[in-house]
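Below: one structure, written as structure tokens.
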2 protein chains.
Amino acid sequence: MNNFIFYSPTEFVFGRDTETQTGALVQKYGARKVMIVYGGGSVVRSGLLARVEDSLRKAGIPYCMLGGVQPNPIDTKVYEGIDLCRKENVDMMLAVGGGSVIDTAKAIAAGVPYDGDFWDFYIGKSIVAKALKVAVVLTIPAAGSEGSGNTVITKVDGLQKLSLRAPGVLRPVFAVMNPELTYTLPPFQTACGIADMMAHIMERYFTNTKEVEIGDRLCEGTLLAIIKEAATVMKEPENYGARANLMWCGTIAHNGTCGVGCEEDWASHFLEHEISAIYNVTHGAGLSVIFPAWMTWMTEHNVDKIAQYAVRVWGVEESDDKKKVALEGIARLKAFFKSIGLPVTFKELGIENPDIDRLADSLHRNKGEFVGNYVKLTKKDSKEIYRLAL
Amino acid sequence: MNNFIFYSPTEFVFGRDTETQTGALVQKYGARKVMIVYGGGSVVRSGLLARVEDSLRKAGIPYCMLGGVQPNPIDTKVYEGIDLCRKENVDMMLAVGGGSVIDTAKAIAAGVPYDGDFWDFYIGKSIVAKALKVAVVLTIPAAGSEGSGNTVITKVDGLQKLSLRAPGVLRPVFAVMNPELTYTLPPFQTACGIADMMAHIMERYFTNTKEVEIGDRLCEGTLLAIIKEAATVMKEPENYGARANLMWCGTIAHNGTCGVGCEEDWASHFLEHEISAIYNVTHGAGLSVIFPAWMTWMTEHNVDKIAQYAVRVWGVEESDDKKKVALEGIARLKAFFKSIGLPVTFKELGIENPDIDRLADSLHRNKGEFVGNYVKLTKKDSKEIYRLAL
């Protein structure tokens, strides 16, 4: 086990009606003026935005609004938010939505007190030294952004999709999580969220670090819970228990609980970021295509942990033929993804002829000569994995 | 799943040599003067205390010392610490040790800024409104006190052993955790720590709350990791990986990770507190006696979760005869405890003729007419459970 720091100071307020506590929580964390960031019309139509505004008014917290954040969030919205925050003298971002909204709020939070271009943080030109406080009312369990210090933004000019880690300053101070808010998610979006949280766990699970039994068991247990509840939630979208379990799984998948003390991989995420940047597909759907392909490639190059995963998560019978065990586990993962309506090939993702050279060129231009850690992928390897997803 | 708040703001700095970071961490958390609290001679003999002092000196942090905390820590040491802190104008407690040392440090932290008797907090006469900061260098993985806001103290006059929960103010700001510091723990103390962390998980796991799949899976996974690593560590006390896994299990067993959203039980802990208060046995050894007895009683009164535990944790084959499944699981738990040198009866604990009336009278005087939640135990029930442990 490697040395590690576990630090998850976010206060997660979880359960029915918890959004009514938003104003009191904003007050507790000392904000004087809030900017509510949100996406499309669903939070308006559902009445959630009105309830959050009401809660802020009751707590006497002034606020302004920034709507229209789109999936695969873009830099132009961040610039708009930074300008508005400065004009309105905002000191806390309140993201009401899912990962895209939260990631935009984090980017704005980092950009407001910074003299240069916020994009500097994403290209590694500068480090986030301070930021406005970020808080969350979560509506989509998927990205885990409510419990992480990470943010992913796409630069419209050149379609560069990059991630930034700044847990010391960008981790939300609180996250309100009412599973009932997820009842109305379209099935496809629910499924994409499931793929995303599973991927967050698997990026940590597939490691060469030895002696990480507790990390492994937490990963496996969380995956088992997700798989069980996914089946329920697709049949019964208003099943509170299933929605609640999934929502919490999405958070612990990405707040550091899973995979402590291991070297993480993240190649599948980076392989996917190129797909969603260029073809504007949903991140979770891109992951359900690319992760099984990555795992299939690994059966030839580093099979051990894939085989352990097949046995412990998918109940494949143990055997000396680890490759066979691993491939059976991958087959069950794919069948699971398909059962909840997710694509497992480029074609099913709606991309008949992906430009694999462009994807791989962009990936290695953004991330360097080698990508990932479980096996350090060269551009040739990345192309092979993209091809396995055809 | 019930509504819950997950809030674990402690910064856990985990791994080899991390105690050398103590001074820098004290500085980061803004302390001006520290009181080091410790127990017996082992932290002196091992050189740990000297390394921690050295780290404080390097960071320019003045400190004073309070040694001599005993297992099953007592109120008189707390009064001594409160006096010393006030005299020395201390603003942070630094506990170097295990649960007893940390719990004493927390009691002092609560007592220093309070005008009345600190014992008021333990008997529910007053609520902890503020406290000195508490930080930890952990040497015994067991109590989980490094990640909790709980403390247990015994009042010498009357041998009343009571617990206090004040997570808002008493949770450590940081905990330094170097698994190497646990190499020299005597086997019996290692085993007692294992029983204690398993009990912390099982107090949460045995619940009537429905739809807690993720809580269950995290509990089961952590128990599986503990069981595996326990076998290794008893054979190879200097196995870093096994020590590291166990140490982290001890923390997540008690920081809220396990058992989210469920009604917790805690009857076994309270049944045990009476034993260790009156007979001064080690808490973990008392738990390895009382928990199987509590579970055995439950096979007649609320068998479901005990049977699930038997299947998922101990690999017992599923069957319609849940009682049989549950009893087989309990038999395996007892065999495990015995395999690591723990007692599973009063007699093995060295108490030939426990005064069951006195134990039960004291328990229900301290905790009220009903104890626990999985089944609310009357005094008659408690006596039956004590008898099952004979």
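Does segment B:230-252 contain at least one residue that is modelled with pLDDT under 95 and out of contact with any helix residue (DSSP H, G or I) (no Cβ under 7 Å at 6 or more places or on another chain)?
The answer is no; no qualifying residue exists.
If a residue has to be in contact with a Cys (Cβ under 7 Å, 6 or more places away or on another chain) and buried (at least 24 other Cβ atoms within 10 Å of the Cβ) to count, how many in segment B:256-282 make the cut?
Looking only at segment B:256-282, we keep the residues that are in contact with a Cys (Cβ under 7 Å, 6 or more places away or on another chain), and these are B:258-259, B:282.
Keeping just the survivors that are buried (at least 24 other Cβ atoms within 10 Å of the Cβ) gives B:258-259.
So the count comes out to 2.
Tell me yes or no: at least one residue of segment B:209-221 is basic (K, R), farther than 25 Å from A:F6 by Cα and within 14 Å of another protein chain (Cβ to nearest Cβ).
Scanning segment B:209-221, I find at least one residue that is basic (K, R), farther than 25 Å from A:F6 by Cα and within 14 Å of another protein chain (Cβ to nearest Cβ), so the answer is yes.
For a quick check of your reading: which strands (runs of 3 or more DSSP E) sit entirely within segment A:1-77 and have at least 2 residues that are at the interface with chain B (Cβ under 10 Å from one of its Cβ atoms) and under 24 Å from the mean Cα position of the chain (by Cα)?
A:4-14
If I ask for residues that are touching a residue at least 12 places away in the same chain (Cβ under 8 Å) and of a type in the set (D, E), which ones from segment B:336-386 would you list?
B:E348, B:D355, B:D357, B:D361, B:D381, B:E384
Could you go through segment A:143-159 and let me know if any residue there is within 11 Å of chain B (Cβ to nearest Cβ), closer than 28 Å to A:D75 by Cβ and either in contact with a Leu (Cβ under 7 Å, 6 or more places away or on another chain) or in contact (Cβ under 8 Å) with a residue 24 or more places away in the chain (or both).
Checked against the condition, which is being within 11 Å of chain B (Cβ to nearest Cβ), closer than 28 Å to A:D75 by Cβ and either in contact with a Leu (Cβ under 7 Å, 6 or more places away or on another chain) or in contact (Cβ under 8 Å) with a residue 24 or more places away in the chain (or both), segment A:143-159 yields at least one hit.
Please specify each residue of segment B:222-243 satisfying the condition of being in contact (Cβ under 8 Å) with a residue 24 or more places away in the chain and at the interface with another protein chain (Cβ under 7 Å from one of its Cβ atoms).
The answer is B:T222, B:L224, B:A225.
Scan segment A:78-96 and give yes if some residue there is in contact with a Leu (Cβ under 7 Å, 6 or more places away or on another chain) and over 24 Å from A:I153 (Cα atoms), otherwise no.
no
Between a first residue in segment A:92-117 that is free of Cβ contacts under 8 Å to residues at least 24 places away in the same chain and more than 21 Å from A:G250 (Cα to Cα) and a second residue that is among the charged types (D, E, K, R) and not in a strand (DSSP E or B), which pairs have beta carbons less than 9 Å apart while being 6 or more apart in sequence or on different chains?
That search, which allows pairs on different chains as well, returns A:P113/A:K130; A:Y114/A:D120; A:Y114/A:K130; A:G116/A:K125; A:D117/A:K125.
Report, by residue number, each residue of segment B:244-282 that is more than 14 Å from every other protein chain (Cβ to nearest Cβ), touching a Ser or Thr at 6+ places or on another chain (Cβ under 9 Å) and outside any loop (DSSP other than H, G, I, E, B).
Passing the criteria: B:A267, B:H269, B:F270, B:L271, B:H273, B:E274, B:S276, B:A277, B:I278.
Would you pick out the residues in segment A:211-232 that are among the basic types (K, R) and crowded, with 22+ Cβ neighbours inside 10 Å?
Residue satisfying the conditions is A:R217 alone.
Quick grid of which residues meet (1) at pLDDT 95 or above; (2) in a helix (DSSP H, G or I); (3) surrounded by fewer than 18 Cβ atoms within 10 Å (Cβ to Cβ):
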{"residue": "B:R312", "(1), (2), (3)": "yes, yes, no"}
{"residue": "B:F336", "(1), (2), (3)": "yes, yes, no"}
{"residue": "B:F346", "(1), (2), (3)": "yes, no, no"}
{"residue": "B:N373", "(1), (2), (3)": "yes, no, no"}
{"residue": "B:L390", "(1), (2), (3)": "yes, no, yes"}
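The values are calculated or read from the model by the stated rules, or taken from the named source; none is laboratory data. Just so it is clear, the model here is predicted, and its values are computed rather than measured. Note that each Cβ is placed from the backbone with ideal geometry, even for glycine, and that neighbours are counted across all protein chains shown.
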